[in-house]
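One structure below.
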Amino acid sequence: MAAAAASAVDPWQTAAPRRRRSAARRPRRRDAAARNPETELEADIGAVLRRIREAEEDLLISDFWSSALDTVNRCLTELLEQLKCPVRTLSDALGNLHLDSPAESDVAPGSIPGENLVTRPCHLKCVCYGIGNFATCVIARNQLTFLLLFLEKCQIPRSHCWVYDPLFSQLEIAVLNTLGVTVLSENEEGKRSVCGEPTLFYMPHCGTALYNNLLWSNWSADALSQMVIIGNSFRGLQERLTVAIKLLHFNFSAQILKGLDELEFPQTSQFMDVFNDTSIHWFPVQKLEQFSPDIWASREEPDYQGCEDVEIIRKEDSC
């Protein structure tokens, strides 16, 4: 009995091990927050925006940017003279650049009311097709960065820029909304009319059918004279197509060669894969007026049935 009592109060007696709650059962607030879809999306948006800012920094200090801007400047000067818009404010519109928030980018710092080149009085708009998955592709991200800087350089509010690619992910749509551009909800297949408003179409590395559809939608001297297209060289496109293919499937892009002026983008090793075979195109009225009435009367909607490698995602396929 005494021995039993002694052992009961023995201070060196080994205590039974405590049972710990399983780590898997204990909620971790940090892990729970990380699994929140909204939190994850915000983090991903921030990461993509950082990459865009980094791409912006690289583009701004490159030789390509200054040369490309000079090329665009020459084209827009021609367009504004053709539209009887004041060109004396062109240099004023080409001010300092930086990627601002959407609210800040709508109005250039230090601008004078009524002196904006594009928004007043010409109301230049911008439509971007086929820029690709910029969240994961460096080439597409550099193309998007060029677009954003161009909008600021020409004082085009981002809300006046419409963007679409059927391959956009939900993340990329969220990033574009954050940047303040307007994301189209429907695949237009390039069939957008300028509706009497000067419009720049930014379409780097798009398929020939997309350019052909755009020309068909604006097949008149009045509409084409209000357009500028930054995209694949039209002359280069025609050189790569056989005569039969051009006449059967891409007749609008084939016929317009005599009615356009084209300036090639500069080629630098740093951005060779980004803007190779890229030109800026515009359509002088004096050239368009030389077309016969029969050319303008031919307005049958393009049909690419039987055309291989048409390089366009149809509306029914993108739904």
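The values are calculated or read from the model by the stated rules, or taken from the named source; none is laboratory data. As the structure is a prediction and not an experimental result, all values here were calculated from the model. Positions of Cβ are backbone-derived with ideal geometry, glycine not excepted, and every protein chain shown enters the neighbour counts.
Of note:
- Selection count where residues are part of a loop (DSSP other than H, G, I, E, B) and either crowded, with 18+ Cβ neighbours inside 10 Å or touching a residue at least 40 places away in the same chain (Cβ under 8 Å) (or both), scope segment 168-187: 5
- Residue match in segment 99-119 (condition: surrounded by 15 or more Cβ atoms within 10 Å (Cβ to Cβ), acidic (D, E) and at pLDDT 90 or above): no
- Test: residue in segment 207-214 that is surrounded by fewer than 16 Cβ atoms within 10 Å (Cβ to Cβ), out of contact with any Ser or Thr (no Cβ under 9 Å at 6 or more places or on another chain) and either modelled with pLDDT of 90 or more or part of a helix (DSSP H, G or I) (or both): no
- Some residue of segment 79-94 being within 28 Å of Y164 (Cβ to Cβ) and at pLDDT below 60: yes
- Close contacts from segment 290-301, counting a first residue that is under 11 Å from N251 (Cβ atoms) and a second that is at pLDDT below 95, with Cβ to Cβ under 8 Å and a gap of 6+ residues or different chains, come to I295/Q255; S298/N251.
- Scanning segment 220-237 for residues that are of a type outside the set (A, V, I, L, M) and either over 16 Å from K258 (Cβ atoms) or not in a loop (DSSP other than H, G, I, E, B) (or both) yields D222, Q226, G231, N232, F234, R235, G236.
- Residues that are surrounded by fewer than 19 Cβ atoms within 10 Å (Cβ to Cβ) and touching a strand residue (DSSP E or B) at 6+ places or on another chain (Cβ under 9 Å) were ranked within segment 135-167; the one that is modelled with the highest pLDDT is W162.
- Hits in segment 147-199 (condition: under 12 Å from K125 (Cβ atoms), more than 12 Å from the chain's Cα centre (by Cα) and among the hydrophobic types (A, V, I, L, M, F, W, C)): C154, I156, V194, C195
- Of all residues making up segment 169-194, the number that are touching a Phe, Trp or Tyr at 6+ places or on another chain (Cβ under 9 Å) and either aromatic (F, W, Y) or closer than 17 Å to L49 by Cα (or both): 6
- Subset of segment 268-288 [touching a residue at least 40 places away in the same chain (Cβ under 8 Å) and farther than 17 Å from W216 by Cα]: T268, Q270, F271, D273, V274, F275, D277, T278, S279, I280, P284, V285
- Filtering segment 36-87 to residues that are surrounded by fewer than 17 Cβ atoms within 10 Å (Cβ to Cβ), over 19 Å from C126 (Cα atoms), touching a residue at least 40 places away in the same chain (Cβ under 8 Å) and not charged (D, E, K, R) leaves L41, L49, L60, S62, S67.
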